[in-house]
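To start, the structure itself, in structure tokens.
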Amino acid sequence: MKIRYIYSACVVIETGDIKLLCDPWFTPGAYYGAWHHFPPLPEIGPIDLIGKVDAIWVSHIHPDHYDPIFLGRYLARYPSTRLFTTLGGHPSLKLAISLEGLGDRLKEISLLPVGDTLLRTFPNNAYPGWNIDSALLVTEGITSVVNMNDNPFDPGQVGAIKTASPEITVALLPYCGAGPYPHCYELDSPEQRRAAEERKKAQFLQSYNRYVEALNPHVAIPFAGQFIHKGWSGTDRDPQNSMADATEVLGGPSWDRSVVLADYGDGELDTRTLHASSTRTAPYPEEARLLSINNCKAHPYHYQRELMLTPRRLKLDSLFQSAAVRAERAIRASRDRVSLNDSLVSSHPASSSYWFCFRHGSAGFFCWDALTGDFQFTNSSQVSSLEPRCEMDIDPRLLFGLLTHLYDWNSVEAGSLYTARRVPDLYNREAYRNLHYLRV
């Protein structure tokens, strides 16, 4: 078996029976125009670089894993290539693939034999009710490769993988995490910001090492999460300040079994010899990264080109009120479905509050309690009475797209498309999850 690293979460796993492409992302501007490629894509197109494969596996719906534009182009070139996703995974991916007209090519798999090769998939259940991620296990004889892509650590998922393959040859593992904190948030001092950045970076490096310890592979490969952000990068609030480079795992406790494969198909690992053809041992030069940032800044965010509406035509007042009424019903229904022992509910009882306060021009704030569903319009002097709260500055066009479900909160958060201030600076998981209910 061979593993050829292409870019970010995109790898080719080749056995004697099947050549499988995983999670290709090659269309610039993922997350509504926020994420761009770094290092820059080579002159040779990705389809030519990858070549023909037998099947493509897509782990989850995030646009740096599910790239419908690239998939459409690739499948037009190679129409016999099959498309796989995880049976029992989040239904949003299957729906999105169907809406793109690719549903007839899609096969959801749990266990699929291909000659002497066996493909197994494992949905993630780290956060019950909110999971989108999944993992892939490829075995050929006594050799096995597990692809964990973006999965948060789920002991049940890891246990199922180890039961299926007690000895893992190669593990492809996450080592960093995106998201809006801390760079999108107003903090009290530069020192507090640096401390938050270091905590976040350490958290994901620790997760990488936890995976290595739990899966105990012969070789661990850090991958996924490689990008630059056009809006923040190059500033003191750069998302990359809290994201490790893959080579930083080489300085940690798992250094002796970690390999960072070179980009763009140059790095290939043979699972029989465990030899890598080309590796990377140091981060890319900062000057090259800053040059790429400048080159992508001219590209607009999606909402800037898709929603050519004036503030008056957006009618945010009535939209927000309608969305808040609908969200209150959805929150109540969700609580009815979830056991009182569920960790998301028990840590934040229904009687508590958490306010999201969206700045509305100079007039004040739309304020919505994400735990009770209450709604009010508050002027700037009164908003301080609402605690705990998160004050958000977000472009009115983007807020319109969120309220009307043109866009989704998960991608807006991953794309870091707002600024915010929390009082106090505490994270309430249930409240942030409930933002997804705030739509008409």
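Residue-wise test of (1) surrounded by 18 or more Cβ atoms within 10 Å (Cβ to Cβ); (2) of a type outside the set (Ser, Thr, Tyr); (3) more than 28 Å from Asp133 (Cβ to Cβ); (4) at pLDDT 95 or above.
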| residue | (1), (2), (3), (4) |
| --- | --- |
| Asn341 | no, yes, no, no |
| His360 | yes, yes, yes, no |
| Asp374 | no, yes, yes, no |
| Phe377 | no, yes, yes, no |
| Ser385 | no, no, yes, no |
| Asp393 | no, yes, yes, yes |
| His405 | no, yes, no, no |
Checked the stretch 90-149 for anything at pLDDT 95 or above, aliphatic (A, V, I, L, M) and part of a loop (DSSP other than H, G, I, E, B); matches are Ile142, Met148
From the set of residues in the stretch 190-239 that are of a type in the set (D, E, K, R) and under 28 Å from Gly29 (Cβ atoms), which is modelled with the lowest pLDDT? Asp236
Would you call Tyr74 touching a helix residue (DSSP H, G or I) at 6+ places or on another chain (Cβ under 6 Å) and of a type outside the set (Asp, Glu)? yes
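For (1) buried (at least 18 other Cβ atoms within 10 Å of the Cβ); (2) touching a residue at least 60 places away in the same chain (Cβ under 8 Å), each residue gets a yes or a no:
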residue	(1), (2)
Leu71	yes, no
Pro79	no, no
Thr85	yes, no
Ala96	no, no
Leu99	no, no
Pro113	no, no
Thr117	yes, yes
Tyr127	no, yes
Against the definition (in the same structural domain as Leu371 (by TED's automatic domain parsing) and touching a helix residue (DSSP H, G or I) at 6+ places or on another chain (Cβ under 8 Å)), how does Pro396 come out, yes or no? yes
Looking at the stretch 142-200 only, could you name the residues that are among the aromatic types (Phe, Trp, Tyr) and either within 17 Å of His60 (Cβ to Cβ) or free of Cβ contacts under 8 Å to residues at least 60 places away in the same chain (or both)? Phe153
Here's a check for you: in the stretch 1-25, which residue that is among the hydrophobic types (A, V, I, L, M, F, W, C) and surrounded by fewer than 23 Cβ atoms within 10 Å (Cβ to Cβ) is nearest to Arg272 (Cα to Cα)? Met1
Quick check, is Arg105 surrounded by 14 or more Cβ atoms within 10 Å (Cβ to Cβ), farther than 22 Å from Met148 by Cβ and assigned by TED's automatic domain parsing to the domain that holds Tyr66? yes
Being more than 25 Å from Thr143 (Cα to Cα), loosely packed, with under 15 Cβ neighbours inside 10 Å and at pLDDT below 95: is that true of Ile44 here? yes
Residues that are more than 23 Å from the chain's Cα centre (by Cα): list the strands (runs of 3 or more DSSP E) wholly contained in the stretch 362-430 that include at least 3 such residues. 364-369, 375-378
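The values are calculated or read from the model by the stated rules, or taken from the named source; none is laboratory data. For clarity, every value in this text was computed on a predicted model and none was experimentally measured. Reconstructed Cβ throughout: ideal geometry from the backbone, glycine too, with neighbour counts over all protein chains shown.
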